[in-house]
Each structure stands twice: as structure tokens, then as C-alpha cells.
Amino acid sequence: MNFTLDACVAALILAVALAYFADSVAGAAWGAREHYDDSLVVLGRLLRHYDLQRAVYSNNSALVEAVIRAAMHPSHEYYLAVVDLESEAVVLECGSSRLSSHLASVTLPGWNGTLRPLVICFRVGGGG
Amino acid sequence: MEYSVDALASLVVFSLALSAALAALAGSLEVVTSASTRRGLVRAALPISIEVESLNGRCVVRAPRRCLVSVVVVSPRKSGLEYRVVRGLAPLEVAAAERDWVVAFTYASVAVRPGAPVRGRAVVTMYGVARAEPELGPYVVIGGSGYRVVPDLRPAASAAAPESSAYLIRNSTLALGVRG
């Protein structure tokens, strides 16, 4: 009976170790599929050219799309939403809202000498 | 006899648990190796491919999707270089003589139609001709009848799955890294 108890304890230890290992592997595989920096890299580069700010503050969604498309691979999709901090309303939204990649956001203080804080939320992903 | 049954039972229990653990480990190895190989970026490319097409004194800049393009038309003159910048949505048509250089930009791609040789060296950015090399790429350096695109990257393939690619900055230019 003692041997059987020892074997059960050993099997339990093995099961716990296996569960921990499986959790680590799942985390590693998930991390490899996610791209935390894509949205930040693209948004940061777009903001350095100022065309995106001009399009957002003119509320021109067609120009926003054209500006974003000028930086992205044609088969990739994006989602952009602009939130007005004063009214707390979404003032502009374009792209595919079905994407699930990580969202980057940045707050713009204003444009052309005016104070009008807007928050830009942006994500890059595939075929939403 | 009692010890024999006990030993046999313990052997069966432990063998089953060990077999299950080893089978799970072997199955996980494939996931781990594929995840580790996917992390490495093997090459960088420009995300977009645009092209300049000449049509009887005019040029048409084409892109795979409707996007903002900036076209710099550089005209070599005896007194030096003259240039003008045209911005608009692709496909964009601009007037350009045969001897003019036509350089089209997006934020992450370049297309050049060479023209007559220029004196000295000219740095063409998406905002015009600059005196020095700019902080943001891409840009084109024209010297004589030749030119050099910075960074020297090829456009990415028409299909680049987001799962196997990542955006990055390469030589001050937005690029697309393709994972191995």
C-alpha cells in the first residue's frame, strides 16, 4: 500500500509540474502571435508628419484613411477612433472595428494655435 | 504477495502519469520551437509599393490602395534645380517634362522616374529638395544621372500576414519586418 501511495504522490507532483509547464508554453505561444508595438510604431510615425493631425482636426475621415493607407501594407487593416475630451464623444471613427490587436492611444492638445484636446485610438491588424 | 500487488499497482499508476507527462512535453516542443523561430525578423521591406508611369508629358503615380502620395518634380536648369511638390490621392497625375525627375513618396515607399542629369547632388524628400539629408525617411539622393534611395529596401510582397510581420523603424523609415 505504501508503494501505491508513493506513486500517487509522484503522479500528483508530475501533474502540477505539467500544468505549470503547459501554462508557460501557452503564454510563450500567445506572446509570439501578438505584436504590441505595431500600432505604436505606425501611429508614432504618422504623427511626425502632421498630416494625420490636420485630417483629424478637419474631421475629414476620407483624408484620415488616405493618410493611414500611405503608411501601411495594403493587406493590413486598421481602426482609428477620435474622442473629444470635452464632450466625451467619439467624433470620428474609421477602419475596421472588428480588429482585436493592441490599441495605442495618444492625446493631442490642439491644432493651429487652438486648444482642443482629442484622443486618438489606433490599432493595426489583419483582415478584420 | 501483498507487496507484489502494491508494487505492481504503483508501477502502473506512475507509468501512466509519466507517459502522460512525456506525451504532453513532446507535443509542447513543437509549439515552443515554432514560437521561437517566428520571433526572428529575417528581412525588412517597405510596406507599400508605388510606381510612376510616364504618359506623354505627364506622369501617373499608382498605389495598390487609395492613399496620400507626395510627388516632387525636379527640373534641372542651367541656373540650378527647380522643383514643385504635388500632393494628392493615388492615382495622381502630374505634369512633367521628359527631362524632369519625378519622385513619388508615401510615408513608407518611394518611386523614381529618372530625368536629365543634374549638377552636383540633390536630396529629395517628400516635402521638396533639402540641403542636407533629413531626419525622416525615405528620401532620394540624386547625383548626376544616378540616384540612391534611402533606405535601400525593397517593397514587401503583396501578401504579408500580420501574424508573420511587424512594423519597425529601419534607417529612420517605417518598414515592415517579415518573420522567418
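Nothing in this text is a laboratory measurement; each read-out follows from the coordinates by a stated rule. Keep in mind that this is a model prediction, so the values were computed, not measured. Cβ: placed from backbone, ideal geometry, glycine included. Neighbour counts: every protein chain shown.
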Ranking A:Gln53, A:Tyr79, A:Ser96 by how far each Cα lies towards the positive end of the charge dipole of the stretch A:35-126 (+1 on Lys and Arg Cβ, -1 on Asp and Glu Cβ), the top one is A:Gln53
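In what order do B:Trp101, A:Trp111 fall by count of nearby beta-carbon atoms within 10 Å, going from fewest to most? Intermediate results must be reported in sequence, preceding the final value.
Values: B:Trp101 25, A:Trp111 15.
By the 10 Å Cβ count, ascending: A:Trp111, B:Trp101.
Extension gain B:Leu16-B:Tyr83, at 0.36 nm per residue separation less the Cα-Cα distance, in nm?
Numbers: separation 67, 0.36 × 67 = 24.12 nm, distance 7.83 nm.
Result for the pair: 16.3 nm of gain on full extension.
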List residues of the stretch B:76-100, by number, whose backbone nitrogen lies under 19 Å from a label position 7 Å along Cα→C-beta of A:Asn60. B:85-94
For peptide A:72-83, how many partner chain Cβ atoms fall within 10 Å of a residue's Cβ, on average? 5
Test of understanding: express the Cα radius of gyration of the stretch A:35-126 as a ratio to 2.2 N^0.38 Å, with N the residue count. 1.00
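Could you pull out every whole DSSP H run in chain A that spans at least 27 Å of Cα extent along its own axis and averages 0.5 or higher on the Kyte-Doolittle scale? Could the numbers behind the result be given before it?
Numbers: long enough: A:2-33 (47 Å, 1.27).
Counting only whole DSSP H runs, the qualifying helices are A:2-33.
Fewest first, what order do B:Glu163, B:Glu2 take by the number of other Cβ atoms within 10 Å?
Details: B:Glu163 14, B:Glu2 7.
Final ranking by Cβ density, sparse to dense: B:Glu2, B:Glu163.
So what is the calculated 222 nm ellipticity per residue for chain B, using -39500 (n - 2.57) for each DSSP H run with n of 4 or more, over all residues, to the nearest 500 deg cm²/dmol?
Details: 1 runs with 38 residues, N = 180.
About -8000 deg cm²/dmol.
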Given bins 10 angstrom wide, list per bin the percent of all Cα-Cα distances in the protein assembly as shown, short to long. 6, 21, 23, 17, 11, 7, 6, 4, 2, 1, 0
Using alpha carbons only, how many angstrom separate the centre of the stretch B:144-180 from the centre of the stretch A:70-84? 18
I'd like the orientation of helix B:2-39 relative to chain B: the angle between its Cα long axis and the longest Cα principal axis, in ° from 0 to 90, rounded to 10. 0
Are there any trypsin sites (Lys or Arg not before Pro) in the stretch B:71-180 that are in a DSSP loop and have at most 14 other Cβ atoms within 10 Å? List them by number. B:Lys78, B:Arg99, B:Arg131
Based on a Kirkwood Rh over C-alpha pairs, give the Stokes-Einstein translational diffusion coefficient of chain B at 4 °C and viscosity 1.567 mPa s in µm²/s. 65
With a/c under 1.5 counting as rounded, go ahead and sort the stretch B:45-150 into rounded, prolate or oblate using the C-alpha gyration tensor (a ≥ b ≥ c being the square roots of the eigenvalues; past the cut-off, prolate if a/b is larger than b/c, else oblate). oblate
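Within a 10 angstrom radius of each residue's Cβ in A:3-10, how many Cβ atoms of other chains show up on average? Whole number is fine.
Numbers: counts 11, 10, 3, 4, 12, 5, 1, 5.
The mean count of partner-chain Cβ atoms within 10 Å per residue comes to 6.
Mind checking B:81-91 for the average number of partner chain beta-carbons within 10 Å of each residue's beta-carbon?
Numbers: counts 0, 0, 0, 0, 0, 0, 1, 1, 6, 3, 0.
Other-chain Cβ atoms within 10 Å of each residue's Cβ, averaged: 1.
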